[in-house]
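Student: Before we start, here is the structure in question, set down as structure tokens.
No value in this document is a laboratory result; all are computed from the given coordinates. Everything quoted here is computed from the prediction, not taken from an experiment. Note that we place each Cβ from the backbone using ideal geometry, even for glycine, and neighbour counts take in every protein chain shown.
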Amino acid sequence: MNCQKLLMAFAAILFSLSNFSTLASQPDSAYVFAYATTKNEAKNGLHFAWSVDKKQWNAIGPEERFMPSDYGRWGAEKRMYRPFLFQDNNKQWHCLFTVNDRDGVFAHAASADLVNWKPQDYPEVIQGNNCTELEAHYDPASGLYKVSWLSTKGGNTQAYEVSTKDFKNYSKPAPMATNKRLNSRVKVIISGSEESGTLKKVPWSIVDGLIKAHQLMAYNAQLAEESYHQDPVKFKDLKPVEVKVTADAGNSKQISDLLMGIFFEDINYAADGGLYAELVENRGFEYNLHDKLGRDPSWTSKKAWSLIGNDGTFAIDSVSPVHLNNKHYAVLQTSKIGTGLVNEGFNGIAVKKGETYNFSAFVRNPEKQRKNLLVRLTDQHGGVIGKTTIKANSPNWEKVKGVIIANNTIKDARLEIIPQATGSIALDMISLFPQNTFKGHSNGLRADLAQTVADLKPRFVRFPGGCVAHGDGIHNIYKWKNTIGPLEARKPDRNLWGYQQSFGLGFYEYFQYCEDIGATPVPVIAAGVPCQNSGTGGAGQQGGVPLEEMDEYIQDILDLIEYSNGDAKSTWGKKRAEAGHPKPFNLKYIGIGNEDLISDVFKERFAMIYKAIKEKHPEITVIGTVGPFSEGSDYREGWAFATELGVPVVDEHYYQSPGWFINNQDFYDKYDRSKSKVYLGEYASKGNALYNALSEAIYLTALERNGDVVEMASYAPLLAKEQFTQWGTDLIFFNNTEIKPTPSYEVQKLYGQYAGDMYINSDMAVSNNSDAVQKRIGVSVVRNSKSGDVFVRMVNLLPVEAKANLNLQGLAIGNQSGRQTVLSGQPGDKVATPVTTELKVGDNFDVTLPPYSFVLIQMNKAEKKSKK
Ligand code: AHR
């Protein structure tokens with residue numbers, strides 16, 4: 001890619017768009033009008049219009065969103081009503097707005113130029129009422145700023161006022177007379193519509209800045225919208241292109257050997273019903289309405305369970321449970337033999353002929369009468385696929401076990417438990433586990449799925465998320481201690497993606513999996529604040545763990561380090577050893593926070609945690625967080641905060657279109673090498689077609705080029721169970737019997753399996769001068785310094801062939817037989833299979849890149865080859 005040409009094209013467009021603002025005769029000042037509309041359910045954010053005479057108004061954009069509302073849940077909230085713009089005595093702008101008609105908070109954000117806004121905060125100024133029609137002004141008598149609003153609940157309108165000197169701390173609300181308010185909003189006509197908002201006279205440079213910012217945003221949006229659908233027109237007369245790549249062996253740099261990793265989050269049923277091999281759904285009878293916020297009346301302790309036969313009852317009880325963390329259990333009362341409990345599994349139980357399945361359960365038989373349990377797998381017609389009989393005679397909770405060998409392969413078996421004597425019996429933690437798990441661990445992982453993930457050869461595994469890590473409200477923050485130890489003692493919790501986490505796959509299992517696949521564990525712990533899109537806690541937004549509880553919160557994080565790395569005799573190391581792993585797990589990284597709102601609440605807590613880890617465990621690298629996007633207030637403020645604290649690595653997230661990835665290959669070329677390193681913790685181009693995969697592949701060539709600043713990267717999300725997805729773009733789809741890797745998976749695998757740690761600079765000359773053509777061809781050349789092998793990756797995002805000539809003189813490859821792997825097809829293909837063939841390679845050789853293709857060339861170290 002030729003960055004210089006890209007920049008020149010960009011400058012030309014900006015110049016042509018903005019020559020208006022370079023007119024010789026500009027006004028010294030103009031009026032700026034700030035407003036929001038109720039279009040799109042009031043989710044379009046802050047707009048500006050300008051005028052020189054207060055009569056003729058010019059909308060910028062026409063409705064450019066200069067600041068979105070960040071308040072509340074995605075989808076349901078993020079609304080802005082009636083913004084009020086105010087400039088303080090230090091020329092700082094403040095925007096106050098109403099977020100809904102329910103909560104007693106208002107939103108506040110500050111800006112120096114009206115373009116770049118600081119992260120919003122949401123002071124809760126009144127309880128049990130709302131905050132509408134906000135206003136602010138300076139009160140010279142008190143030297144304070146006054147914020148007033150109307151509370152309108154219950155049909156009464158009452159005005160209130162608070163004072164502040166910094167828009168951070170506010171006095172208690174005082175009632176005031178409505179007519180004492182400024183009522184300074186005005187109405188103007190913009191493009192034929194009457195809008196209400198605030199009007200200020202400003203220097204022309206402010207208006208000019210807004211116009212230019214809009215032009216830039218519009219230009220970027222246009223680039224991001226580019227897709228292969230436009231190719232037939234855009235590249236109508238394009239002939240095959242020629243590409244000359246010249247590697248400069250003397251110009252190489254060390255890059256991260258951790259670049260390619262994975263992001264695991266329990267989203268889309270990735271854990272229970274997915275990677276975690278348990279076959280019984282709701283084994284602990286802990287599902288509850290709250291998991292789905294009451295939206296599904298069937299989501300109760302009985303979910304996935306039913307009664308077989310008519311002569312009995314099935315109830316849920318919680319008196320004297322197996323463990324206090326696992327309160328509910330089933331009580332089965334039968335009056336005729338044949339009646340029992342049946343579990344439907346996670347959309348059916350898939351079993352394979354000849355394979356062995358471990359059954360276990362906790363049972364309590366309060367009656368003197370001896371009882372056997374017939375446990376069997378049946379098909380949908382009642383045919384028996386396998387069975388065992390178990391004694392259940394203890395009046396106290398007892399763990400019972402049995403083994404079932406399947407006599408058939410089916411995908412939708414059911415598990416039946418049928419007491420062989422009438423009466424009552426209590427059952428809990430009813431489990432059916434394949435013996436064939438990944439690496440044969442008990443309580444292990446689904447073998448085929450775990451292997452598919454392992455085939456990516458990830459250098460690290462991030463877990464447990466994502467939003468799952470910081471939760472929906474502070475009570476839902478992921479607590480690693482609830483996920484270790486005996487299964488019956490783990491404390492299930494609501495999964496904010498709308499189901500439940502049993503935590504059968506907990507921190508021990510995550511660490512074990514990392515070890516099994518040779519990946520570095522990267523746990524991510526909430527920064528003492530929940531998800532910024534929380535719908536509960538902190539007045540429906542990001543509130544923090546109370547400061548008086550932060551010591552305990554921080555201790556939990558320090559205990560995690562001991563759990564992983566401590567001696568088997570240490571308090572937490574001992575728990576690891578008891579679980580079966582006396583040797584440490586070798587934790588080196590810990591993520592603190594996940595795309596949080598960089599509020600004061602966040603900063604205070606992050607700084608406390610960061611300081612404690614640095615002091616107690618300087619050997620651990622802390623990864624900070626810089627918000628959910630590649631730009632915007634959290635990104636800017638997060639970076640400024642990380643730079644101030646000297647956080648070694650920050651976690652960036654962005655889900656973008658293929659057009660964005662194609663047009664932003666220079667994103668990290670511009671990064672300051674002296675600041676924090678980057679962990680690109682979540683990224684994906686929206687969609688699962690080949691074109692998406694190729695846009696990621698070309699972006700990955702740029703990540704390799706910037707492997708000195710981007711230390712780690714993980715595509716997200718990793719797993720998605722068909723019919724149970726909450727996120728459309730994922731790396732690997734699966735159901736109970738099949739695994740369906742996406743083209744993006746193939747790209748990740750070709751990078752992961754053939755990773756280098758030395759980047760070899762190369763010049764690329766493309767025969768066609770068009771910028772659009774040039775940025776659709778990508779190359780990176782890396783060497784693995786351990787093996788000496790050299791890998792060349794080339795991407796062709798054009799609808800025509802590219803004939804590449806590679807000059808690798810100086811890399812000492814020698815003439816040899818290398819291999820090329822080609823991933824290609826139609827850009828909209830949802831499945832693509834890489835094809836590997838032999839290729840004569842050497843100092844100078846040719847490669848053909850088919851239209852829409854990713855080509856990996858593998859070359860062994862020359863010496864190794866010549867010894868053979
Ligand atoms: O990857 C899915 C979600 O996207 C993650 O949970 C969250 O961090 C991001 O917004």
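Student: Which ordering of Leu23, Leu839, Leu547 is given by a fewest-first count of other beta-carbon atoms within 10 Å? Don't skip to the end; give the middle numbers.
Tutor: Numbers: Leu23 8, Leu839 18, Leu547 13.
Listed from fewest to most nearby Cβ atoms, that is Leu23, Leu547, Leu839.
Student: Where in the chain are the DSSP H helices whose C-alpha atoms run 15 Å or more along the long axis and whose mean Kyte hydropathy is at least 1.6? Walk me through the numbers before you get to the answer.
Tutor: Values: long enough: 3-18 (22 Å, 1.63); 204-224 (30 Å, 0.44); 507-517 (16 Å, -0.48); 550-565 (23 Å, -0.31); 600-616 (24 Å, -0.45); 633-645 (18 Å, -0.68); 690-705 (23 Å, 0.38).
Membrane-span-like by this rule: 3-18.
Student: Normalised by the empirical 2.2 N^0.38 Å for globular proteins, what value does the Cα Rg of the range 638-796 take?
Tutor: 1.11
Student: Can I ask one more? Over the range 37-122, what lengths in whole Å, largest first, do the semi-axes of the equivalent ellipsoid take, defined as the square roots of 5 times the eigenvalues of the alpha-carbon gyration tensor?
Tutor: Details: eigenvalues 97, 58, 24 Å².
Working through the eigenvalues yields semi-axes of 22, 17, 11 Å.
Student: Give me the net charge for the shell around Gly528: Cβ to Cβ below 13 angstrom, other residues only, Lys and Arg +1, Asp and Glu -1.
Tutor: Values: positive: Lys479, Lys603, Arg605, Lys611; negative: Glu548, Glu549, Asp551, Glu552, Asp556, Asp596, Asp600, Glu604.
It works out to a net charge of -4.
Student: Ser442 versus Asp551, label points 7 Å from Cα toward the beta carbon: distance in nm?
Tutor: Between Ser442 and Asp551, the label points sit 4.0 nm apart.
Student: Shifting gears a bit: Thinking of the range 493-643 as a set of Cα atoms, what percent of all their pairs are more than 24 Å apart? Walk me through the numbers before you get to the answer.
Tutor: Numbers: 4424 of 11325 pairs.
More than 24 Å apart: 39 percent of the Cα pairs in the range 493-643.
Student: Based on a Kirkwood Rh over C-alpha pairs, give the Stokes-Einstein translational diffusion coefficient of the range 271-381 at 20 °C and viscosity 1.002 mPa s in µm²/s. Walk me through the intermediate numbers first.
Tutor: Details: Rh = 15.8 Å.
The diffusion coefficient I find is 136 µm²/s.
Student: Leu324 to Asn586: extension gain in nm, 0.36 nm per residue of separation minus the Cα-Cα distance?
Tutor: 91.1 nm
Student: Oh, and also: Run the quick spin-label model on Ser142 and Asp757: label points 7 Å from Cα toward the beta carbon, then report their separation in nm to one decimal.
Tutor: Roughly 6.2 nm, to one decimal.
Student: Set the Förster radius R0 to 51 Å, insert the Cβ-Cβ distance between Asp412 and Glu838 as r into 1/(1 + (r/R0)^6), and round the FRET efficiency to 0.05. Before the final figure, lay out each step's value.
Tutor: Working: r = 44 Å, r/R0 = 0.87.
So, using R0 = 51 Å, E works out to roughly 0.70.
Student: Which three numbers, in whole Å and largest first, are the semi-axes of the equivalent ellipsoid of the chain derived from its Cα gyration tensor as √(5λ)?
Tutor: Details: eigenvalues 470, 344, 118 Å².
Semi-axes (√(5λ), whole Å): 49, 41, 24.
Student: Return the Rg/Rh ratio of the range 76-124 with Cα-based radii and a Kirkwood Rh.
Tutor: Working: Rg = 11.2 Å, Rh = 11.4 Å.
My calculation puts Rg/Rh at 0.99.
Student: Would you compute, from DSSP H runs of 4+ residues alone, the mean residue ellipticity of the chain at 222 nm, taking -39500 (n - 2.57) per run and dividing by the full residue count, rounded to the nearest 500? Each step should come with its number before you reach the end.
Tutor: Details: 16 runs with 164 residues, N = 868.
Result for the chain, helices only: -5500 deg cm²/dmol.
Student: Ranked from highest to lowest mean number of other Cβ atoms within 10 Å per residue, what is the order of the peptides 394-404, 698-708?
Tutor: On the way: 394-404: 14.9, 698-708: 24.0.
Packing order, densest peptide first, comes out as 698-708, 394-404.
Student: Only Cα pairs under 8 Å and at least 6 apart count here; give the relative contact order of the chain as a rounded whole percent.
Tutor: Working: 2133 pairs, mean separation 104.9, N = 868.
Relative contact order for the chain comes out at 12 percent.
Student: I would also like to ask the following. Within 10 Å of each residue's Cβ, count the other Cβ atoms and sort Trp57, Trp93 from fewest upward. Please list the in-between numbers first.
Tutor: Details: Trp57 17, Trp93 20.
Ascending number of Cβ neighbours within 10 Å: Trp57, Trp93.
Student: Treat the count of other C-beta atoms within 10 Å as a stand-in for reagent exposure and order Met550, Met176 from fewest to most.
Tutor: Fewest to most other Cβ atoms nearby, the residues stand as Met176, Met550.
Student: Once each part is reduced to its C-alpha centroid, what is the distance from the range 646-678 to the range 589-611 in angstrom?
Tutor: Distance between centres, Cα-based: 20 Å.
Student: Show me 762-774, 193-205, 625-637 ranked by packing, highest mean number of other Cβ atoms within 10 Å first.
Tutor: By packing density, highest mean first, the sequence is 625-637, 762-774, 193-205.
Student: What translational diffusion coefficient, to the nearest whole µm²/s, does the range 402-507 have by Stokes-Einstein, given a Kirkwood radius computed over alpha-carbon pairs, a temperature of 4 °C and 1.567 mPa s viscosity?
Tutor: On the way: Rh = 17.0 Å.
Once the numbers are plugged in, D ends up at 76 µm²/s.
Student: At 7 Å along the Cα-to-beta-carbon direction for both Glu398 and Asn807, put a label point, then send me their distance in nm to one decimal.
Tutor: 8.2 nm
Student: Using Stokes-Einstein with the Kirkwood hydrodynamic radius over Cα pairs, what translational diffusion coefficient do you get for the range 733-868 at 20 °C and a viscosity of 1.002 mPa s, in µm²/s rounded to a whole number? Intermediate values should be presented prior to the final figure.
Tutor: Numbers: Rh = 16.0 Å.
The estimated diffusion coefficient comes to 134 µm²/s.
Student: A follow-up question, please. Using +1 on the beta carbon of Lys and Arg, -1 on that of Asp and Glu, and nothing else charged, what's the dipole of the range 259-372 about the Cα centre, debye to 20?
Tutor: Working: 13 positive and 13 negative charges, 107 e Å.
That gives a dipole near 520 debye.
Student: In addition: Asp28 to Gln723: extension gain in nm, 0.36 nm per residue of separation minus the Cα-Cα distance? Intermediate values should be presented prior to the final figure.
Tutor: Numbers: separation 695, 0.36 × 695 = 250.20 nm, distance 5.98 nm.
Length gained between Asp28 and Gln723: 244.2 nm.
Student: Set the Förster radius R0 to 30 Å, insert the Cβ-Cβ distance between Trp204 and Thr178 as r into 1/(1 + (r/R0)^6), and round the FRET efficiency to 0.05. Write out the running numbers ahead of the final one.
Tutor: Numbers: r = 36 Å, r/R0 = 1.21.
After rounding, the FRET efficiency stands at 0.25.
Student: For Gln87, put the label point 7 Å out on the Cα→Cβ axis and report which residues of the range 204-237 keep their amide N under 20 Å from it.
Tutor: Only 204-214 fall inside the zone, counting backbone N under 20 Å.
Student: Shifting gears a bit: Tell me which of Thr157, Tyr513, Asn805 sits at the most positive position along the dipole axis of the chain, charges placed on C-beta atoms (Lys, Arg +1; Asp, Glu -1).
Tutor: Value: Tyr513.
Student: If you take the charge dipole of the chain about its Cα centre, with +1 on Lys and Arg Cβ and -1 on Asp and Glu Cβ, which of Phe629, Ile430, Asn326 is farthest toward its positive end?
Tutor: Final value for the positive-end residue is Ile430.
Student: Further, regarding this structure: So how compact is the range 383-430: Cα radius of gyration and Dmax in angstrom?
Tutor: 12.8, 37
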